[in-house]
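The values are calculated or read from the model by the stated rules, or taken from the named source; none is laboratory data. From a predicted model like this one, the values you see are computed outputs, not experimental measurements. Glycine gets a Cβ as well: all are built from the backbone with ideal geometry, and neighbour counts include every protein chain shown.
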């Protein structure tokens, strides 16, 4: 089951992903006030096994501190740990930020995390940030892309740590997945790889 909840000042998509049989799950990218997310967790009886950040920007990690009561380990790619610990770039935009707990899980390329009967595969997709990752859940046919890939667009590369060439290479990696894969981005609506191959100029350019 996938629940989408826009959170924070930029209304970035936070996802509650869980196995309906065991109620084991994870939170992906809690970007701000997590009250609505916590209500969903409590109402559904989900046992949150981890909080995962697709990258270290404040609009995707701003709610990490609010979820301390869940006593769930935090995961991020090592290349974005410094960005997380420096406030996720909140100071660049003069945005208030509550410091995140330190990550306990290093998300690395090819790593598989298990919760219930679901398996979540980490794909390192640098470009938007050095440590950006996408999270692939084959059983759900789902790909959580953070700010790597959006419906009709891609993440910006003009902020510190951005790299347009690296992003192009990362997009090429995603093309190896099934075209039926549903994309759950960090901002905006969901899409599919099949649709993005038709309409997304950046994905066409990477193909």
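For this structure, a couple of remarks:
- Within the range 8-56, the set of residues being closer than 19 Å to residue 143 by Cα and assigned to a loop (DSSP other than H, G, I, E, B) comprises 19, 20, 29, 30, 31, 53, 54, 55, 56.
- Residue match in the range 161-183 (condition: touching a residue at least 40 places away in the same chain (Cβ under 8 Å), touching a strand residue (DSSP E or B) at 6+ places or on another chain (Cβ under 6 Å) and surrounded by 23 or more Cβ atoms within 10 Å (Cβ to Cβ)): yes
- Residue match in the range 69-83 (condition: modelled with pLDDT under 95, surrounded by 14 or more Cβ atoms within 10 Å (Cβ to Cβ) and under 16 Å from the mean Cα position of the chain (by Cα)): no
- Test: residue 88 is buried (at least 18 other Cβ atoms within 10 Å of the Cβ), out of contact with any strand residue (DSSP E or B) (no Cβ under 9 Å at 6 or more places or on another chain) and not in a strand (DSSP E or B): yes
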